[in-house]
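A.B. asks: What follows is a structure written as structure tokens; I'll ask about it next.
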Amino acid sequence: MYLSNPALGTREAYVPGLTKEHVATTYGIALEDVAKLGSAENPFGPSPKAAEAVKAAMKIDVYPDWTANALRERIASKYGHSPEQVICGAGETEIIPLIIRAFSAPGDKVLMFVPAFPIYHMVAENEGRVPVYVGMGEDLDFKWDDYLAAIKDDVRIVFLTNPHSPTGRLMTEEQIRRVCEAANKQLVVLDEAYIHFSKTNGGMDLVKEYSNLIVLRTFSKVFGLAGLRVGFGIASPEVITPMMHLKPTWNLGQLQTAGAIAALDDDEHINKTVDAIAEMRAYVMEKLSKLDGYSVVGQPFSNFFLLKIEDKALDSTKVFNELLKRGVIVKDGSVSFIDLGKRYLRIDVSLKKHMDRLVGALSDIGSRA
Ligand SMILES: Cc1ncc(COP(=O)(O)O)c(C=O)c1O
């Protein structure tokens, strides 16, 4: 059988995080006690306004508006852009392939820091593009001189994630501007999936200055709608229009559009989530600073952090499996992120009871190593 690209024949298309149900039944732990800290979801659940709006939107016998226009208009007016500058998709994960297909050709290069959100390189490879990686070094920090030097003429797309995953590190506006200015032949993709947790405004206004910039946001994180599947991009119409040609025509249904519109203005839910995560982030950082054998990478500005396993008797897969037995699900860096090696776990900031379970389990694992 003809395969358009050998990358499509690899055995694992994606390694998903484990579910609470799986861990509860495998290890005999009460479902409500399992701490799911691997997918950066909202521990307070969906925006209540969004949940109500989804229930009220059960008009599923007619086709939705193919551009999700009502949502485009709300996003545009909230952030001070025009609807022609907005594209909506079934999560950022649907929008990223549209960017790669619209703004690069097979064989073209796509630049990213490594480690990074794996969808960037997976989609690039699946589409026959060539990922180019700039390493973050031993300290896992941005190497801006290397990054700027890597923006060569044969690179077509440049990815930035702010705050960065998996480290949670925050980029400054100045650093983002330098990339936009250096990328005079490239499109810059600024992925702001976790921006609310940094309590900064993010780079949406930069779209007015840089016509080569697209900013991505998702409803999966602070809005608590990961299961609904909605994300969006904001850029100049020259960037958005080609993507509208490529996108699956009716890519968002009525329920997604209604839920996202209601969530967008649910400031109560957003503020409650952001404040609780900030408080718990400080709490867990403090607790972890007292544990031997582990350290936290940098200063996280997201709803997760990267834990380094310093104890040479342990590695990330061992600790991952030991945490599972104790009802804690995290991300094993060696499975989820290329080039991260065997010493890192990405762990969500969540409710106090989950943070206490995590710290207790890490302490127990460390003491038995
Ligand atoms: C950096 C980053 N961008 C985007 C996403 C995915 O967002 P969505 O659920 O909107 O597809 C994630 C999900 O974990 C992420 O870590």
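A.B. asks: Taking the range 105-129 only, how many residues are surrounded by fewer than 20 Cβ atoms within 10 Å (Cβ to Cβ), of a type outside the set (D, E, K, R) and out of contact with any Ser or Thr (no Cβ under 9 Å at 6 or more places or on another chain)?
C.D. replies: The number of residues fulfilling the criteria is 6.
A.B. asks: Mind counting the residues in the range 84-115 that are at positive phi and assigned to a strand (DSSP E or B)?
C.D. replies: So the count comes out to 0.
A.B. asks: Within the range 184-203, restricting attention to residues that are small (Gly, Ala, Ser) and free of Cβ contacts under 8 Å to residues at least 60 places away in the same chain, which residue is most open to solvent (accessible area, probe 1.4 Å)?
C.D. replies: GLY202
A.B. asks: Residue by residue through the range 204-233, note down the ones that are open to solvent by less than 10 Å² (accessible area, probe 1.4 Å), within 14 Å of the ligand (Cβ to nearest atom) and closer than 24 Å to ARG178 by Cβ.
C.D. replies: ILE214, VAL215, LEU216, GLY233
A.B. asks: Tally the residues that are over 14 Å from MET244 (Cα atoms) and within 16 Å of the ligand (Cβ to nearest atom), restricting the search to the range 61-97.
C.D. replies: Qualifying residue count, the range 61-97: 5.
A.B. asks: Of the numbered conditions (1) outside the structural domain of ASP348 (by TED's automatic domain parsing); (2) in contact (Cβ under 8 Å) with a residue 60 or more places away in the chain, PRO83 satisfies every one except a single condition; which is it?
C.D. replies: That leaves (2) as the condition not met.
A.B. asks: Only one of (1) over 13 Å from ALA35 (Cβ atoms); (2) small (Gly, Ala, Ser); (3) within 21 Å of the chain's Cα centre (by Cα) fails for SER350. Which number is that?
C.D. replies: In the conditions (1) over 13 Å from ALA35 (Cβ atoms); (2) small (Gly, Ala, Ser); (3) within 21 Å of the chain's Cα centre (by Cα), SER350 misses (1) alone.
A.B. asks: Additional query: Does any residue of the range 94-104 turn out to be at pLDDT below 95, hydrophobic (A, V, I, L, M, F, W, C) and open to solvent by 10 Å² or more (accessible area, probe 1.4 Å)?
C.D. replies: no
A.B. asks: Still on this model: Restricting to strands (runs of 3 or more DSSP E) lying wholly in the range 116-224: which have 1 or more residues that are acidic (Asp, Glu)?
C.D. replies: By residue number, 187-191.
A.B. asks: Please list, ordered by first then second residue, the pairs with beta carbon atoms under 6 Å, 6 or more apart or interchain, first in the range 347-360 and closer than 15 Å to PHE305 by Cα, second modelled with pLDDT of 95 or more and among the acidic types (Asp, Glu).
C.D. replies: Correct list of pairs: empty, since none qualify.
A.B. asks: Can you tell me how many residues in the range 35-78 are over 24 Å from the mean Cα position of the chain (by Cα), part of a helix (DSSP H, G or I) and surrounded by 19 or more Cβ atoms within 10 Å (Cβ to Cβ)?
C.D. replies: 1
A.B. asks: Taking the condition of being within 21 Å of GLY233 (Cβ to Cβ), of a type outside the set (Asp, Glu) and in contact (Cβ under 8 Å) with a residue 60 or more places away in the chain, how many residues in the range 123-159 meet it?
C.D. replies: 1
A.B. asks: Give just the number: which of (1) over 21 Å from the mean Cα position of the chain (by Cα); (2) assigned to a helix (DSSP H, G or I) does HIS81 not satisfy?
C.D. replies: Exception for HIS81: condition (2).
A.B. asks: Further question: Somewhere in the range 158-169, is a residue open to solvent by 10 Å² or more (accessible area, probe 1.4 Å), at pLDDT 95 or above and over 11 Å from the mean Cα position of the chain (by Cα)?
C.D. replies: yes
The values are calculated or read from the model by the stated rules, or taken from the named source; none is laboratory data. Owing to the predicted nature of the structure, the values given are computational and were not obtained by experimental measurement. Glycine also receives a Cβ, built like all others from the backbone with ideal geometry; neighbour counts cover every protein chain displayed. We work out accessible area using only protein heavy atoms, side chains counted, and drop any ligands, DNA or RNA first. Shrake-Rupley method; radii C 1.70, N 1.55, O 1.52, S 1.80 Å.
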